[in-house]
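See below for the structure under consideration.
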Amino acid sequence: MTSNERVVVIGSGLAGVRLARRLGELGTPVTLVGEEEHRPYNRVLLAEVLAGRYSPEVIALPAPAELTRARVTGIDRTGRTVGCADGSVIAYDRLVLATGSNPVLPPLRGLFTEDHELPEGVHAFRTLDDCLGLAKAVRPGVRAVVIGGGLLGVSAARALAVRGAQVVLAQQSERLMERQLDPAASKLVGRHLTDLGVEVHTECRVRDVRCVGGAVRSVEMADGYALDADLVVLACGVHPRVGLAQAAGLEVRKGVVVDDELRTSDPYIHAIGDCVQHAGTVYGLATPALEQADALAALLAGDTGSRYTGTRSLTRLTLTGPDSPFDLAAFGETEALPGDDVVQLTDATRGTYRKVVVRDDRLVGGVLVGELGTVGALARAWEGAEPLPSDGGPLLHLLTNDGGS
Ligand SMILES: Cc1cc2nc3c(=O)[nH]c(=O)nc-3n(C[C@H](O)[C@H](O)[C@H](O)COP(=O)(O)OP(=O)(O)OC[C@H]3O[C@@H](n4cnc5c(N)ncnc54)[C@H](O)[C@@H]3O)c2cc1C
């Protein structure tokens, strides 16, 4: 890329803002285009805003000075321009898609009004607007049903409970946060939510949303049981936002397909963050989005050797109750295969649980609940993928020594 080329980035979320800032620092001008009305913010902290712990200003990102507020509606790859909903057209030499994810809207009867809108009281949990809408509606005693018991649903349920809502969490599968946690850790998360007053139902499928006058009144389960609800939060996962890429004829599978230079099937168009599929993986997490932004910034600023080769990412979640902070972290494979070694420490009284899984002298995964002192050392041992000394002692040391984390 030559120094006077125009870089245009679509999406001012975590990935887009990081890329624009890095390019600014490296002296490469960039046009950042974002559709959300608010100042760019850290989406990972939305649950803290909902819980009333942070104000929206606190989660604002240090954004680059130049931000164009517009929604891009189409890409003309031949003319190398993008068109926006307000009629404006922006020319590029290099285009970067950082369009993030959309919430999954589950196939529930009654989920949409005749105007194809969500009924009053039903909210997704993806944007600051979703969060402010929920924060406005939640009051002590309000009956809230959270649909989905993954990372998003658990965060939303806990935040609403902290605000005094009567919360029911409906999780379709057997346990909470099953993508990240093993059964014992899921159970502790369930216990923590129950202690906050959340009613947790697993193996429970919501089938219907019942409304009166355009506002939600109840949800109905597959077994016919109805739950009264003033608020419903949809926390059923996300899918990469790939509409623009698809319409422009770029290669898209689950996400926009990119190579190690974060380049799509068009050499003048790159993609980063939640919208991307790299080496078969769609991450949907903050750390990979930031690492991809850093790798691409270096590349676009002239470091031709810069590559993104994947992220081994650790999920960390802090659930801060009124008087019981509760942390958890998980990485890699948290359930052992036959032949793996497992070291596990449980303290039922303190509600802590620590476990690591070792295969062929290498740490392949772990989960920590309630006691995160060792997370830094464990993450380093996992990321480094170095063989562990074989006498077993160092493993226990890794689980119990919080030095250097
Ligand atoms: C409540 C919540 C909690 C989370 N907690 C965690 C966590 O604990 N740990 C973790 O790792 N991850 C977490 N995540 C996921 C994390 O937020 C995402 O992985 C991260 O935000 C991805 O960054 P991104 O820039 O790719 O996408 P986004 O942050 O979604 O940003 C994309 C931006 O692009 C804009 N956009 C899209 N299309 C257009 C268009 N056509 N024109 C203009 N603008 C457009 C969107 O409006 C949006 O502002 C959480 C997410 C949520 C919602």
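Just so it is clear, none of the values below were taken in a lab; they were calculated from the coordinates. Small disclaimer: the values here were computed from a predicted structure and weren't measured. Here the Cβ is made from the backbone with ideal geometry for all residues, glycine too, and neighbour counts use every protein chain on show.
Between D347 and T73, what is 0.36 nm times their sequence separation minus the Cα-Cα distance? Round to one decimal in nm.
The D347-T73 span can extend by a further 93.3 nm.
Which three extents, in whole angstrom, do the alpha-carbon atoms of the stretch 105-236 cover along their principal axes, largest first?
44, 30, 24
Rank by packing, highest mean first: peptides 180-192, 266-278, 58-70, with packing defined as the count of other Cβ atoms within 10 Å averaged across residues.
Ranking the peptides 180-192, 266-278, 58-70 by packing returns 266-278, 180-192, 58-70.
Express in nm, to one decimal, how much length is gained between M221 and E25 on full extension, taking 0.36 nm for each residue of separation and deducting their alpha carbon distance.
Net length gain for the segment: 65.3 nm.
Checking the cross-link filter: which aspartates and glutamates have an alpha carbon closer than 16 Å to that of K254, excluding same-chain neighbours under 8 positions apart?
The qualifying aspartates and glutamates are D274.
Do any trypsin sites (Lys or Arg not before Pro) in the stretch 342-389 lie in a DSSP loop with no more than 10 other beta carbon atoms within 10 Å, and if so, which?
Taking the stretch 342-389 and a limit of 10 other Cβ atoms within 10 Å, the loop trypsin sites (Lys or Arg not before Pro) found are R350.
Using the alpha carbon gyration tensor of the stretch 109-184, what are the three equivalent-ellipsoid semi-axes (square root of 5 times each eigenvalue), largest first, in whole Å?
23, 16, 12
Once you have the Kirkwood Rh of the chain from its Cα pairs, apply Stokes-Einstein at 20 °C and 1.002 mPa s and quote D in µm²/s.
94
Could you work out the helix-only [θ] at 222 nm for the chain, with each DSSP H run of four or more residues adding -39,500 (n - 2.57) and the total divided by the number of residues, to the nearest 500 deg cm²/dmol?
Mean residue ellipticity, 222 nm, calculated: -6500 deg cm²/dmol.
What is the calculated FRET efficiency for T113 to S265, with r their C-beta to C-beta distance and R₀ = 30 Å, to the nearest 0.05?
0.20
Starting from the Cα-Cα distance between D129 and T81, subtract it from 0.36 nm times their residue separation and give me the gain in nm to one decimal.
That works out to 14.4 nm of additional length.
Write down the radius of gyration of the stretch 325-400 and its Dmax, each obtained from C-alpha positions, in Å.
11.7, 36
Return the lysines within reach of K355: Cα separation strictly under 25 angstrom, same-chain partners fewer than 8 residues apart disregarded; answer none if there are no such residues.
Within the straight-line cut-off, K355 pairs with K187.
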